[in-house]
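What follows is a set of notes on a single structure, which appears directly below.
The values are calculated or read from the model by the stated rules, or taken from the named source; none is laboratory data. Model, not experiment: these values are computed from the prediction. Counting neighbours? That spans all protein chains shown, and the Cβs are built from the backbone with ideal geometry, glycine included. All accessible areas refer to the heavy atoms of the entire protein, side chains included, with ligands and DNA or RNA removed. Shrake-Rupley method; radii C 1.70, N 1.55, O 1.52, S 1.80 Å.
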Amino acid sequence: MIVNIISRPPHSHSTRNLSDLCRLLTMTVRTIDLTAGRFRSNKRPAILAVIVLVFILLFWDKVELSHYLQLEKLSPTRNNKILSSPACRPHFQLALPDGNWSDTTKFKRLYFYHARKAGGTNLRKYFAKVAAHHGLKYMVLEYHMAEDPGSYDEATFYVTHLREPVSRSISHFKYENRWDCKQLLDNDTFVPNEENSQKLETWNQNYGRQPSSCKFQDGEPFFSMVHCAVNCYSQWFSGLSCPWWDPPENPELGERPIRRETPMTQQYEVAKAKLLRYNFIVISEMLQRPTYAAAVERFFGVPGVTERRNHPWCEVESHYSNERIPLVIQNETLNKLTILNKIDIGLYHEIKDCLDEEDYDFPAWDPNRFAKNETMQLNYTIWEQIHSFTRAAPRRNWLKRFNTNNDGATAAHTSHSAVPKVIPFSPACRPHFQLALPDGTWTNSTKFKRLYFYHARKAGGTNLKRYFEKVAVHHGLKFASTEYEMAEDPGSYDDATFYVTHLREPVSRSISHFKYEGRWDCKELMNNDSFIPTEDNALKLETWNQTHGHQPSWCKLRPNGEPFFHMLKCAVNCYSQWFGDAGIACPRIGVRPVRKEVSMIQQYHVAKTKLLRYNFIVFTEMLQHPTYAAAVERFFGVPGIAKRVHHPWCELRSHYSNERIPLVIKDKTRNQLTALNGLDISLYHQLKSCLDAKVMNDYDFPAWDPNRFETNETIQVNYTITEQKWPKLGQPNKVLLKWQERFDN
């Protein structure tokens, strides 16, 4: 800890005093005592600590003591009681100023930190309702540094929330940085258009389009970050992004002061340590899962966590503008934004990824841990009546002015009569009934005869395949599905085909794939009666870092010498390979022989082009949102898309094994997997970001159009009859029960 302290840059403007020095010396002495007791046979650690002490005595005026003591206080190593992420293990322990916890002092205050453009506007209303219902004081903070648990005089229950960092950053840009909110609302002559919009390419600094900067208050820097594009959680929760200026080395030569900043890795460490001392962290995307939302409401004892009760300041106008003038995100820009946010992406996954399963065993609200103030208590039903909310629309004059000045853009957005060469929207947001032709164009005259579904492994495809098979037979269409092999290219099949596929967040998908059949082989689990999975015979996630899982990509050859793409296991940039082309996804052998591969960036471009020619792309995570699932079912004219009707081959045994032998994921491993999947993460966000921009419950997919399909009555079967033929899940399986008994013994 002390070695870390002396390596950190000083803040020349900070106040230093003798008491801070004494506290730092106490830390050093404690380190010496600890190392002497722990390494009695090796004196070098203690000698190192003595050297550090001498260094501090000599150069203590160069050290930012108050900042370093804050780091020591926030260090997660002091926390020996609450170790799990509060996103997964919320609790009713009170954080104390000394870094410890108490379960005796009752809470009097609820604090919510509102992270900008992460779904916080309605969450802050929900927690205001929670506080009122339970008779607690309520405090919410936005823009400024998040409060440190244990720092407030009154016993405080701490809550905050997170959203995937790249989606949050793009949402922030579209909300108030593509066009300025003040211009949208206060300038009657301002009409947003493509020409007067800011560009996403310049949205690449800590404070949005500019480096970090802070005002001063009483001689000390005052952190306030309204706009943010890069690693925002690390800054909001640490409050350490204010720069300082050191004197120039040669002022007589006219040199300017030298700008200094706290390294982002250090801000991340402070932010992470602070977040781990919160009582609950809501993951905004997870609220789309009814079971997760219900678990959150049970924990707080108040319903309505997903209700919209407010719009951010200029959301209505900015949302309308972005809908009518869609933001086109270049691949290079999205890749760069992903790389710039890698520290926050790592923090997000460290906090969130314990929530991958469906079992949210949050405790119920414990009234014995709260000191209810009856003078401010208000039942949540009364609170809701007082704070009723009517959804707003753009102001009439503003709307008229916008549509008059953007007539061309609006017409292009709403017209469906034209048949462009390329559909400009992601089919995840604008599903359609146009038929892709071999020459790259579209037609709306030829009727579809066939429905094709590409099943991406470990992305929720097993039950989606059953659903789309049900859709096909209900409407009298031929059905085809592919898994493992190359996705079919729209326009390449003889029969007129309607193309559907699905995507899941790439890192989550990769880890799920590893747990399913990369940690233990499915064949061993299912066919080898003597094989019992253990930690010793498990493969390691650290080696799950190749295109084909634990090994590089390879392909068999057909009899005619053509490569045959067949990728059963995949860890890295899998969508770019599955939706690419066998001619470039398969490696070649050169003259020595030397293995040669087409660059992944080329595979990515082919995959993206192919996906943009599909009719609909389902985002698996979104199906947990009832309104999204209902919109998809309306589009296909058949219910039951979120219903589980089938288990993948070895899922029950691999799931049971992973439950009994939990996978521990190291930060370094996750960060490496995130970096390796950079292209797929970019592809995923480009196709999904238009859904992120939509207001929750506003999925305006068209309804099923029977006039675009040629019904074959000889194969048509009503979906209710199809469902009756499916086996029932959840019934006892004697073979599985016997295997589980052998495993447990």
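Residues that are surrounded by fewer than 19 Cβ atoms within 10 Å (Cβ to Cβ) and in contact (Cβ under 8 Å) with a residue 60 or more places away in the chain within region 444-459 comprise N444, K447, K449, listed in sequence order. When T441, T462, T482 are checked against the criterion of being surrounded by fewer than 22 Cβ atoms within 10 Å (Cβ to Cβ) and in contact with a Pro (Cβ under 6 Å, 6 or more places away or on another chain), a single residue qualifies: T462. Looking only at residues of region 356-367 that are surrounded by fewer than 18 Cβ atoms within 10 Å (Cβ to Cβ) and at pLDDT below 90, we find that the one that is farthest from the chain's Cα centre (by Cα) is D361.
When each of F216, F173, F237 is tested for being touching a strand residue (DSSP E or B) at 6+ places or on another chain (Cβ under 7 Å) and either open to solvent by 60 Å² or more (accessible area, probe 1.4 Å) or among the hydrophobic types (A, V, I, L, M, F, W, C) (or both), the lone residue that passes is F216. If the condition is being surrounded by 22 or more Cβ atoms within 10 Å (Cβ to Cβ) and more than 30 Å from N671 (Cβ to Cβ), then region 487-496 contributes only P490. Which one is modelled with the highest pLDDT among residues in region 698-722 that are surrounded by 15 or more Cβ atoms within 10 Å (Cβ to Cβ) and within 34 Å of the chain's Cα centre (by Cα)? Ranking the candidates gives W704 first. Restricted to region 136-158, and to residues there that are under 24 Å from the mean Cα position of the chain (by Cα) and buried (at least 22 other Cβ atoms within 10 Å of the Cβ), the residue that is farthest from I283 (Cα to Cα) is A146.
Condition test on F190, is it out of contact with any Gly (no Cβ under 7 Å at 6 or more places or on another chain) and either within 30 Å of D98 (Cβ to Cβ) or open to solvent by 50 Å² or more (accessible area, probe 1.4 Å) (or both)? Judged against the criteria, F190 is not a match.
Would you say V606 is open to solvent by 50 Å² or more (accessible area, probe 1.4 Å), aliphatic (A, V, I, L, M) and at pLDDT below 80?
no
Hey, does region 618-640 have a residue that's farther than 25 Å from E469 by Cβ, assigned to a helix (DSSP H, G or I), at pLDDT 85 or above and not hydrophobic (A, V, I, L, M, F, W, C)? Scanning region 618-640 turns up no residue that is farther than 25 Å from E469 by Cβ, assigned to a helix (DSSP H, G or I), at pLDDT 85 or above and not hydrophobic (A, V, I, L, M, F, W, C).
When the helices (runs of 4 or more DSSP H) confined to region 504-591 are screened for residues that are open to solvent by 40 Å² or more (accessible area, probe 1.4 Å), those reaching at least 3 such residues are found at 522-527.
Looking only at residues that are open to solvent by 50 Å² or more (accessible area, probe 1.4 Å) and β-branched (V, I, T) in region 97-133, which one is nearest to T156 (Cα to Cα)? Checking each candidate, the answer is T105.
Evaluated against (1) over 28 Å from the mean Cα position of the chain (by Cα); (2) open to solvent by 30 Å² or more (accessible area, probe 1.4 Å), L94 falls short on exactly one condition, (2). Among all positions in region 220-228, there is at least one residue which is buried (at least 21 other Cβ atoms within 10 Å of the Cβ) and in contact (Cβ under 8 Å) with a residue 60 or more places away in the chain.
The set of residues in region 289-320 that are polar (S, T, N, Q), crowded, with 21+ Cβ neighbours inside 10 Å and part of a helix (DSSP H, G or I) contains only S318.
Of all the residues in region 583-603, those that are modelled with pLDDT under 75 and within 15 Å of L679 (Cα to Cα) number 2. I'd like to know if region 676-692 contains one or more residues that are aliphatic (A, V, I, L, M) and at pLDDT below 85. Among the residues of region 676-692, at least one is aliphatic (A, V, I, L, M) and at pLDDT below 85, which makes the answer yes. Restricted to region 195-206, and to residues that are modelled with pLDDT of 90 or more and in a loop (DSSP other than H, G, I, E, B), which residue is nearest to E261 (Cα to Cα)? Taking the candidates together, the pick is N204. A single member of R644, R670 is open to solvent by less than 20 Å² (accessible area, probe 1.4 Å) and either part of a loop (DSSP other than H, G, I, E, B) or within 16 Å of C354 (Cα to Cα) (or both), and it is R670. Considering region 647-661, the residues that are in a loop (DSSP other than H, G, I, E, B) and closer than 18 Å to E741 by Cα include one that is most open to solvent (accessible area, probe 1.4 Å), namely I661. Filtering region 192-216 to residues that are in contact (Cβ under 8 Å) with a residue 24 or more places away in the chain, more than 20 Å from K182 (Cα to Cα) and not polar (S, T, N, Q) leaves E201, P211, C214.
Please enumerate the residues belonging to region 540-563 that are in contact with a strand residue (DSSP E or B) (Cβ under 7 Å, 6 or more places away or on another chain) and in contact (Cβ under 8 Å) with a residue 24 or more places away in the chain.
P552, C555
Let's see how each residue does on (1) more than 14 Å from K117 (Cα to Cα); (2) among the polar types (S, T, N, Q); (3) under 22 Å from the mean Cα position of the chain (by Cα):
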| residue | (1), (2), (3) |
| --- | --- |
| P165 | no, no, yes |
| S169 | no, yes, yes |
| Y175 | no, no, yes |
| N187 | yes, yes, no |
| N193 | yes, yes, no |
| S197 | yes, yes, no |
| N204 | yes, yes, yes |
